[in-house]
Amino acid sequence: MSADSTSRPLPPMHRISLPEPGPPRLGVLATGTEVWLVTRYVEVRQVLMSPKFNRSSLHAADAPPLLVVPNLLDSPDGLLNQDGTAHQLLRGTVQRAFTPRAIARWRPWVASVVEALLDDFAEQRRPADIVEGFTRPLPVSVICRLMGLEHVDRERIRHWADHALSGGAHSAQEVALAMREFGEFAGALVAERRASPGDDLVSGLVAAGDELGIDERRLVSLVCGLVVAGHETTMTALGNAVVYLLTDGQAAWKGLAEDGDAAATAAEQLLRTIPLSEGRVLPGLIRRAVEDTEIGGVPIPAGSVVAVQTNAAGHDPDVFPPGEPDLFAPLTSPSIAFGAGPHHCLGAWLARMELELALHRLAARFPHLRAEFTAETIEWREGQMTRSPRRLPVSW
């Protein structure tokens, strides 16, 4: 909901209340399914990295329902919902493209996308909307260029992504229709790149998938997942970071402008401290116990559904300094913003680079950027798995 005279404005994401880190405790999903909530850093990593918890059993015949309205993350053919050898095979078709070394080769053209968007933004009439002018088009532009989708209408991609990760904004029928259209588009794209391969990620995926014997449904699902995951999270993280940096975090603006390495460190701290979702158990962070086990001294029976709260774990006072973050201080423990273990986000290094370049160049180009909004007047994009600003008017 948007702020108006009859409803209380939503707080910015960096101000929301998070669950207190503590022993695993029982909660209930919107479907009525009972779930163990894991909030402490060490135990979150345990669940994400241990073979005693997996994804594929969430789609077994006896699995309880997780989503009121199914979306892309609910597909059993998706990379996220594979385990073991099947997961390794499917992940291997794309992993080579997302290594830190591969990402480093993309840095010059990602930087050129950032600069081109900032050139256009600088020409806009003020106050200008930095969401529509920068934080939203940047990740979409990058993933479209990477996958060779520059010719595709960006609004179609936005439409599919909004439905693919819908958290209640759309009906089951609307999501099903959008996902069918998305799947048909991805299927045609796979066939096109198989017939006429190019120097793009989709062509590489198709070639690797055909060589390894990946079936067509999983290839199509992989393409859909990369289109969505390749921009949705980065767009949300960047938009919410700008809210923080132009309100409570203004003191960091000068440091971001002066040093790209400092901006990279700040990006890690922002990813740790600003949640992507509000009070929602994200489907991608749910696992199921495949045997009787124990977490933090609490017995977890086989078949139990377990959800990790990486937002709470990122504020665990036993691991990270409490209070306002020092954006330019390196993390004291490995980040879990992108998960951990076998399902660690493939696009983590790309997202990090985009955030670093975006924040550094934005602060350098617009040293006097200021908010023409307050925390109370922000219009929020809701009904998705994540929450981010719909528009942010700024001047300079």
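A few remarks follow.
- The number of residues in the range 53-81 being among the hydroxyl-bearing types (S, T, Y) and buried (at least 19 other Cβ atoms within 10 Å of the Cβ) comes to 1.
- P100 vs. criteria in contact with a Phe, Trp or Tyr (Cβ under 6 Å, 6 or more places away or on another chain), open to solvent by 40 Å² or more (accessible area, probe 1.4 Å) and of a type outside the set (V, I, T): yes
- When R194, R158 are checked against the criterion of being under 19 Å from the mean Cα position of the chain (by Cα) and either surrounded by fewer than 17 Cβ atoms within 10 Å (Cβ to Cβ) or charged (D, E, K, R) (or both), a single residue qualifies: R158.
- Put simply, of P301, P325 the only residue that is under 19 Å from R40 (Cα atoms), out of contact with any His (no Cβ under 9 Å at 6 or more places or on another chain) and open to solvent by 20 Å² or more (accessible area, probe 1.4 Å) is P325.
- Every test in (1) in contact with a Lys or Arg (Cβ under 6 Å, 6 or more places away or on another chain); (2) modelled with pLDDT under 95; (3) under 21 Å from V28 (Cα atoms) is passed by T293 save one, and that test is (2).
- Test result for R45, modelled with pLDDT of 90 or more and within 17 Å of R218 (Cβ to Cβ): no
- Scanning the range 110-151 for residues that are out of contact with any Ser or Thr (no Cβ under 8 Å at 6 or more places or on another chain), of a type outside the set (A, V, I, L, M, F, W, C) and farther than 28 Å from W380 by Cβ yields S112, E115, D119, R145, E150, H151.
- Where P9 falls short, out of the listed (1) under 30 Å from F373 (Cα atoms); (2) at pLDDT below 95; (3) open to solvent by less than 30 Å² (accessible area, probe 1.4 Å): (3)
- Flag if A264 is hydrophobic (A, V, I, L, M, F, W, C), over 25 Å from T374 (Cα atoms) and in a helix (DSSP H, G or I): yes
- Among the residues examined, T99 does not qualify as β-branched (V, I, T), at pLDDT below 90 and more than 30 Å from H360 (Cβ to Cβ).
- Check on A251, open to solvent by 30 Å² or more (accessible area, probe 1.4 Å) and either free of Cβ contacts under 8 Å to residues at least 24 places away in the same chain or of a type in the set (A, V, I, L, M) (or both): yes
Yes/no per residue for (1) out of contact with any helix residue (DSSP H, G or I) (no Cβ under 7 Å at 6 or more places or on another chain); (2) charged (D, E, K, R):
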site: A116; (1), (2): yes, no
site: D119; (1), (2): yes, yes
site: I130; (1), (2): no, no
site: R136; (1), (2): no, yes
site: L146; (1), (2): no, no
site: V152; (1), (2): no, no
site: R156; (1), (2): yes, yes
site: W160; (1), (2): no, no
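- Test: residue in the range 120-128 that is farther than 16 Å from W349 by Cα, in a helix (DSSP H, G or I) and either hydrophobic (A, V, I, L, M, F, W, C) or open to solvent by less than 80 Å² (accessible area, probe 1.4 Å) (or both): yes
- Count - residues of the range 8-54 that are free of Cβ contacts under 8 Å to residues at least 60 places away in the same chain and either assigned to a helix (DSSP H, G or I) or under 24 Å from P70 (Cα atoms) (or both): 5
- Inside the range 162-182, residues that are of a type in the set (G, A, S), open to solvent by 40 Å² or more (accessible area, probe 1.4 Å) and out of contact with any helix residue (DSSP H, G or I) (no Cβ under 8 Å at 6 or more places or on another chain) make up a count of 4.
- Leading residue by the ranking (nearest to R136 (Cα to Cα)) among those in the range 350-393 that are assigned to a loop (DSSP other than H, G, I, E, B) and open to solvent by 40 Å² or more (accessible area, probe 1.4 Å): E382
The values are calculated or read from the model by the stated rules, or taken from the named source; none is laboratory data. All values derive from a computational prediction rather than experimental measurement. FYI the Cβ positions are ideal-geometry reconstructions off the backbone, even for glycines, and counts take in every protein chain you see. Surface areas here come from the heavy atoms of the whole protein model, side chains and all, with no ligands, DNA or RNA. Shrake-Rupley method; radii C 1.70, N 1.55, O 1.52, S 1.80 Å.
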